[in-house]
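**Q** For reference, the structure I am asking about is given below.
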Amino acid sequence: MFISLFYIYDIQFADMKIVFLDASTIGEDISLSPIASLGELTCWPNSTPQEALDRVKDADVLIINKIKVTPELMDAAPNLKLICEAATGVNNIDLDSAASRNIPVKNVAAYSTESVVQVTFMHILNLLCKAPLYDSKVKSGAYSRCGIFTDVSAPFPELAGKKMGIVGMGNIGHRVAEVASAFGMKVSYFSTSGTSHCSDYPSLGIEQLLGESDIVSIHAPLNNATSGLIGSERLKLMKKSAILVNMGRGGIVDEAALARAIDEGSIAGAGLDVFSTEPLPQDNPLLLVAHPERLSLTPHTGWASVEARQRLVEGIAGNIRSYLQSL
């Protein structure tokens, strides 16, 4: 009985047309077979807005990561039944227009938590422990020539006893808090929604959190409450010894103001995985700072461990499967 039900299911939906408009974001090392098993999968590495209009015309299911899903795009897909976000955030999709057309939108939550937390602390440790500087000293031969067994020319602090301020206490923020606590840090957080739902750690206002924290780590979505949350005036509240890490969205931090703060030494450094425009334009102020050693930058890869991308594909497939089974 179990086998025959799946046989009927496969026959019924074998002609389901699934279109992935920016499949290169998943990477060639990750198999899309869980999705392909559910219908006829067509993958495009990337799509311009104009290309997307033509490529969705026969789509029953649309998968996108950062492609904008506009009313115009939905109108170009008369058979569209389901939109699958290959991420957690859905700010690239016009949700009201999808709802008015009775097209459900499904995302994949919490698939990248461990990956983002790991990269968060990579940035923190790179900046505080001066890892690139010490690595270059050994590889350049400077250490071999120094005449003593150690180099203490660039002092670094311990995390234990320092204050970690987290902006956004969702799944990722809470896991960052747990790891910070394991390092012996004192954790507090700012609720971007205004609801201090987490009782495990103290909730502070944004100004107090910025003023007290040795490390500020952002793990919040971009919305009306967070857009431009940390600009020039709020950066001035931070300690000169503090570092800022943004793993949320680029528009939360004023990048020009951050570049000035870095060069003026009003904060010690910053680690960023997200930017207001991606990929990062070459004239972005962060690429023009006089002290690049105070920055640790990654190209929006915090979410993208091998395991996280595998979970993402399984999650997308699960969303499509759930939709089909609901018919």
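**Q** With the cut-off at 1.5 for a/c, could you classify region 150-292 from its C-alpha gyration tensor as rounded, prolate or oblate?
**A** Note, shape of region 150-292 comes out oblate.
**Q** Could you check the simple spin-label distance between Lys236 and Glu264, using points 7 Å along Cα→Cβ, in nm with one decimal?
**A** 0.7
**Q** Which cross-chain or sequence-distant (5 or more) residues have an amide H under 5 Å from the amide H of Leu229, H modelled 1.01 Å from N in plane?
**A** Answer set, sorted by chain and number: none.
**Q** Per the helix-only calculation at 222 nm, which mean residue ellipticity applies to the chain, given -39500 (n - 2.57) for every DSSP H run of n ≥ 4 and division by its residues, nearest 500 deg cm²/dmol?
**A** The per-residue figure over the chain is -10000 deg cm²/dmol.
**Q** Counting only protein heavy atoms and a 1.4 Å probe, tell me what percentage of region 145-215's accessible area is made up of carbon and sulfur.
**A** The nonpolar share, carbon plus sulfur, comes to 55 percent.
**Q** Further question: Quick one: among Ala36, Ala99, Ala86, which has the greatest mean-square fluctuation in a GNM of the chain with alpha-carbon springs under 10 angstrom?
**A** Of the options given, Ala99 has the highest mean-square fluctuation.
**Q** While we're here: Under a 1.4 angstrom probe, counting protein chains only, how are Val306, Val289 ranked by accessible area, largest first?
**A** Val306, Val289
**Q** Rolling a 1.4 Å sphere over the protein heavy atoms, what is the accessible area per residue of region 31-154, to the nearest Å²?
**A** 52
**Q** Determine the gain in length on full extension of the stretch Asp283-Ser144; use 0.36 nm per residue of separation and subtract their C-alpha separation, reporting nm with one decimal.
**A** 46.3 nm
**Q** Tally up the carbon and sulfur contribution to the accessible surface of region 265-327 as a whole percent, 1.4 Å probe, everything protein left in place.
**A** Heavy-atom surface of region 265-327 belonging to carbon and sulfur, 1.4 Å probe: 54 percent.
**Q** Compute a Gaussian network model of the chain, connecting alpha carbons closer than 10 Å, and tell me which residue from Gly231, Gly147, Gly205 fluctuates the most.
**A** Gly147
**Q** Among Val167, Val105, what's the order by accessible area (1.4 angstrom probe), most exposed first?
**A** If we order Val167, Val105 from most to least accessible, we get Val105, Val167.
**Q** Another question, if that's okay. For Asn246, which sequence-distant residues (separation of 5 or more, or a different chain) have an amide H within less than 5 Å of its own amide H, given hydrogens modelled in the peptide plane?
**A** Ile218, Gly271, Leu272, Asp273
**Q** If DNA, RNA and ligands are ignored and the probe is 1.4 Å, what is the ranking of Lys81, Lys68 by accessible area, most exposed first?
**A** So, going from the largest accessible area down, we get Lys68, Lys81.
**Q** Taking 20 Å as the cut-off for C-alpha to C-alpha distance, list the pairs among Lys137/Lys239; Lys68/Lys106; Lys162/Lys239; Lys17/Lys81 that go past it.
**A** Over 20 Å Cα-Cα: Lys137/Lys239.
**Q** Residue by residue through region 186-198, what is 3J(HN,Hα) from phi via Karplus (6.51 cos²θ - 1.76 cosθ + 1.60, θ = phi - 60°)? Round to whole Hz and write x for glycine and proline.
**A** Going residue by residue, I get 9, 9, 9, 8, 10, 8, 6, 8, x, 10, 7, 7, 9 Hz, with x marking Gly and Pro.
**Q** Assuming R0 = 25 Å, what is the FRET efficiency of Phe156 and Ser136, from their Cβ-Cβ distance, to the nearest 0.05?
**A** 0.95
**Q** Over all directions, the average projected area of the alpha-carbon convex hull for the chain comes to how many nm²?
**A** For the chain, averaging the hull's shadow over all directions gives 20.6 nm².
The values are calculated or read from the model by the stated rules, or taken from the named source; none is laboratory data. It should be emphasised that the depicted structure is a prediction, and the values quoted were computed from it without experimental measurement. Heads up, the Cβs are rebuilt from the backbone with ideal geometry, glycines too, and the neighbour counts pull from every protein chain shown. All accessible areas refer to the heavy atoms of the entire protein, side chains included, with ligands and DNA or RNA removed. Shrake-Rupley method; radii C 1.70, N 1.55, O 1.52, S 1.80 Å.
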